[in-house]
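Presented below is the structure to which this report refers.
The values are calculated or read from the model by the stated rules, or taken from the named source; none is laboratory data. The structure displayed is predicted, hence computed values, not measured ones. Here Cβ is always computed from backbone atoms with ideal geometry, including for glycine, and neighbour counts include all displayed protein chains. These accessible areas exclude ligands, DNA and RNA; they are computed on the full protein's heavy atoms, side chains included. Shrake-Rupley method; radii C 1.70, N 1.55, O 1.52, S 1.80 Å.
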Amino acid sequence: MYKGKRKYIEIWQKVEIAEFYIQHQNEMSMRDVAAKFHVNSFSSISEWVNKLDELKKSVKSDKKLKLESFTQFPELEKELVHWFTAIREQGIQVLRSTIEEKAKSLAAEMGLARFGCGDKWWQGFRTRNNLSFRKINASSIKPIEKEAELVRQYLDDFSVIASSIRSI
């Protein structure tokens with residue numbers, strides 16, 4: 001059994017875990033499945049298996065709700081997400097205020113006079129585009145080409161020095 005920190009499991013994840021258990025119940029115990037998916041209690045999996053039909057219906061209705069969650073400004077949000085992704089790939093942390101400023105400038109460029117960056121839009125924007133604003137750590141930053149070239153040059157120089165020391 002998994003002894004880690006409790007976490008919220010989405011309905012679609014419960015369906016996937018229950019279906020996985022049903023497919024592999026001859027090979028794996030419920031405890032093994034609970035450990036594999038980091039579920040704190042194997043009895044939860046039993047409950048999900050018993051309520052699988054209800055969970056599947058909930059997933060379908062949840063998808064309908066997400067489809068109904070629309071934006072009045074799809075082109076603006078598409079551009080904004082593209083900009084956000086490009087900035088994050090460079091390893092730069094983006095704040096809400098920065099995104100709102102960029103959204104306002106894009107709206108002005110596109111001539112969208114009715115656009116506003118309120119809390120309701122902000123929450124919808126994050127949900128619709130599945131954006132995360134967690135702090136960036138060093139392991140998630142892609143290496144910058146210039147820095148990569150410096151590392152290559154250093155390694156080449158090091159190998160030359162090491163070979164000259166061996167010849168002494």
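Could you sort ASP119, ASP157 by their accessible area in this structure, using a 1.4 Å probe and putting the largest first?
The ranking, largest first, comes out as ASP119, ASP157.
Protection proxy ranking, highest mean first, for peptides 106-115, 120-129: 120-129, 106-115, where packing is the per-residue count of other beta-carbon atoms within 10 Å, averaged. Starting from the Cα of GLU10, step 7 Å toward the Cβ, then list every residue of region 113-131 with an amide N under 20 Å from that point. Those under the cut-off are 122-131.
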